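Bear in mind that the values in this text are calculations on the coordinates, not laboratory data. Every value quoted in this text rests on a predicted model; they were computed, and no experiment measured them. Cβ placement follows ideal geometry from the backbone for every residue including glycine, while neighbour counts extend to all protein chains displayed.
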Amino acid sequence: MPTITVEKISKTFGTTKAVNDVSFEVNPGEIFGLLGPNGSGKTTSIRILLDIYKADSGRVDILGGTMDEEKKNRIGYLPEERGLYQDVPLETCLVYLATLKGMKKAEIMNKLPGYLEKFDLAAHKKKKVKELSKGMQQKAQLIATLIHDPEVIIIDEPFSALDPVNTQLVKDLLIEQRNAGKTIVMCTHQMNQVEMLCDRIVLIHNGRVLLYGGLQDIREQFSTNEVLINTGNGLPGALPGVLEIRDEGTVKRLIPEDGVTPKQLLNSLVSAGVDLKTFEIATPTMDEIFIKVVQEDENPHE
């Protein structure tokens, strides 16, 4: 049974249709990518989901029904805009935010030191939040999102301002939460992180759903018979079945004639005596799919 069901929600601000008939489901034990360009309707959708905004039409079910105050304590939300109190010590800020999620002081003080150590913030707990770097503040906000052990985790740009070491720490933490059966909704513009982490996605543009489904299914939907190769001895002037050869850094992209399969291209290369170091089908990246789908939606007749 889905943890979150969003069914045909719409929201208008003045003359702007921010969200237009958006539907998707999110299941326990998955990382679900909520994707789209700036201004696409992602944040509005999240705010409707969290009952911050009321939809003009449509329905949201979360944790077995409509949102209520009790359910809010079972949800962890990391907004893109930092929501930390700047003029108080870090520890004081995190303790206060945890109490807002229904935690008792003794429970907080039992769990918080472990989180501060994990995120390398223990030595900074007495500093005012405004004295911390952007990366440290991002880690502090992640602690505030997770310390009450939420069943649903909604995170908007979780890797913002993080260096590679801390990015990996957060990725490991999200995978750990997913493996524990948590329901995770992740908004990010970093498509490489989507490819590494997400099980399924929805792509919204101009308030409408353009793509929805399993990550691998979507990539296969956009795949072609093009292949990427790396050779030790170059290529002959022409290859049977190859329409075009493009240099792409250390690899070459072979674009086949209509109806020519990757297997046939491989046979042509072997027959021509090409020394193949690598040979792979050019499955498009999420970056490429994102750009293609959004541009086609913006220019449908080109």
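First measure r as the distance between the Cβ atoms of THR92 and LYS8, then evaluate 1/(1 + (r/R0)^6) with R0 = 41 Å and state the FRET efficiency to the nearest 0.05.
0.40
Taking only Cα atoms, what is the 0 to 90° angle, nearest 10, from helix 262-271's long axis to the longest principal axis of the chain?
50 degrees
Highest GNM mean-square fluctuation, the chain, Cα pairs closer than 10 Å: which of LEU34, LEU49, LEU269?
LEU269
Just the ratio, please: alpha-carbon radius of gyration of the chain over 2.2 N^0.38 Å, N its number of residues.
Dividing the Cα radius of gyration by 2.2 N^0.38 Å gives 1.22.
By a straight-distance test (C-alpha under 12 Å), which aspartates and glutamates pair with LYS126 as possible cross-link partners, with residues fewer than eight away in the same chain excluded?
ASP87, GLU91
With point charges of +1 on the Cβ of Lys and Arg and -1 on the Cβ of Asp and Glu, referenced to the Cα centre of the chain, which listed residue (SER23, PRO150, ALA238) lies farthest in the positive direction of the dipole?
PRO150
For a 25 Å ceiling on Cα separation, which of these pairs sit above it: LYS130/LYS182; LYS42/LYS292; LYS8/LYS72; LYS42/LYS71; LYS8/LYS42?
From the list (LYS130/LYS182; LYS42/LYS292; LYS8/LYS72; LYS42/LYS71; LYS8/LYS42), the Cα-Cα distance tops 25 Å for LYS130/LYS182.
Just to be sure I understand: with springs between alpha-carbon atoms less than 10 Å apart, which residue in LEU174, LEU100, LEU266 has the highest mean-square fluctuation in the Gaussian network model of the chain?
Maximum fluctuation in the GNM of the chain, among the listed residues, is at LEU266.
Please arrange THR167, THR44, THR16 by how many other C-beta atoms lie within 10 Å of their C-beta, fewest to most.
THR16, THR167, THR44
Peptides 86-93, 8-15: what's the order by average Cβ count within 10 Å, highest mean first?
Sorting 86-93, 8-15 by mean packing, highest first, produces 86-93, 8-15.
Relative contact order (percent) for the chain, with alpha-carbon contacts under 8 angstrom and 6 or more residues of separation?
Contact order relative to length: 20 percent.
Can you tell which of LEU112, LEU265, LEU162 shows the greatest fluctuation in a Gaussian network model of the chain with Cα springs below 10 Å?
Looking only at LEU112, LEU265, LEU162, the biggest GNM fluctuation is shown by LEU265.
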